[in-house]
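Below is one structure, written out as structure tokens, with a few remarks after it.
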Amino acid sequence: MNLLQGKTAVITGANRGIGKAIALMFASHGCNVAFTDLERNDAMIATESDIAQSGVKVKGYASNAAQVDSAQEVVKQIVEDFGSIDILVNNAGITKDNAMKRMTEEQWDAVINVNLKSVFAMTKAVQPYMWKQGSGSIINVSSVVGISGNVSQANYSASKAGIIGFTKSIAREFGVRNIRCNAVAPGFIMTDMTAQLPEHILEEWKTRIPLHRAGTVQDVANVCVFLASELSSYVTGQVIPICGGLQI
Ligand code: NAI
């Protein structure tokens, strides 16, 4: 079933990981994909060619999602290249974990900037286009720790909780133009980052998850397809945990 046939999505931070999986899954549903990441490198070129196999239009753009000027510029370019933007996925994110007593101002600022300011910058950039067309779906990638908090992740948890407040505000503000805004809150997802954890830590995590397994990037991408598509046409301002029941 092609749930996103002929639509155009913008996905930030999609050279790898969850963003790439969302891009590939959207493309498999007939969606044209414009994606960003910090650099136009081998990973970006590989992502472009992987997506192109679905027969959709695709282009990767080197752009820092956390910079307001860059966000404005890249969105303008994408509209020129693709014609319109129907879906925005604010996925770009980083961690700089540290205990509060050791956390530096730089670690705090970097995480808030990349994770939270990017959501502001990109949403602001697409707003005029979605507003004019009277439709759109914005999906923000939060985290279960934005709901529950986590040790040594005060900066990351604050940024992800901030995304939830932002999502609910935008849903209220943009609903009048049929623009929906929702957040996903992934739990423990197997990516390059989590694959490096020692086996005993992975096993301990799994025992705390009611479904007794880590999530996959496809688990996250599937929920994003739902939120991007008309299947969720009456859903806005919601936060959907994708965590095997860890957050109930
Ligand atoms: P990742 O580190 O594998 O991929 C993130 C991508 O974003 C990278 O390609 C990176 O270059 C890019 N990026 C970083 N800063 C950027 C910026 N300023 N502008 C544009 N691109 C930028 O991370 P992963 O695991 O795929 O995470 C994706 C999102 O999912 C993040 O927001 C993360 O916080 C969130 N998340 C991940 C979980 C996990 O278990 N992996 C759990 C919950 C949330």
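Odds and ends about this structure:
- Looking across the stretch 145-177, the residues that are more than 16 Å from the chain's Cα centre (by Cα) and open to solvent by less than 30 Å² (accessible area, probe 1.4 Å) come down to Q153, N155, A171, F174.
- Within the stretch 87-109, being open to solvent by less than 30 Å² (accessible area, probe 1.4 Å) and either within 12 Å of the ligand (Cβ to nearest atom) or in contact (Cβ under 8 Å) with a residue 60 or more places away in the chain (or both) holds for I87, L88, V89, N90, N91, A92.
- Residue, surrounded by the fewest Cβ atoms within 10 Å (Cβ to Cβ), within the stretch 15-42, restricted to residues that are closer than 19 Å to Q218 by Cβ and within 7 Å of the ligand (Cβ to nearest atom): R16
- Selection within the stretch 168-195 - within 13 Å of the ligand (Cβ to nearest atom) and part of a helix (DSSP H, G or I): D192, M193, T194, A195
- Selection status of A228, under 29 Å from P128 (Cβ atoms), touching a helix residue (DSSP H, G or I) at 6+ places or on another chain (Cβ under 9 Å) and within 15 Å of the ligand (Cβ to nearest atom): no
- Where a residue in the stretch 60-71 is more than 8 Å from the ligand (Cβ to nearest atom) and assigned to a helix (DSSP H, G or I) and its partner, wherever it lies, is open to solvent by 20 Å² or more (accessible area, probe 1.4 Å) and of a type outside the set (A, V, I, L, M, F, W, C), with Cβ under 9 Å and at least six apart: V68/K117; V68/K124; S70/N64; A71/N64; A71/K124
- Complete set of residues in the stretch 196-211 that are more than 15 Å from the ligand (Cβ to nearest atom), part of a loop (DSSP other than H, G, I, E, B) and at pLDDT below 95: P198
The values are calculated or read from the model by the stated rules, or taken from the named source; none is laboratory data. Since this is a predicted model, take the numbers as computed values, not measurements. Reconstructed Cβ throughout: ideal geometry from the backbone, glycine too, with neighbour counts over all protein chains shown. To get the accessible areas, we keep the full protein, side chains included, count just its heavy atoms, and leave off ligands, DNA and RNA. Shrake-Rupley method; radii C 1.70, N 1.55, O 1.52, S 1.80 Å.
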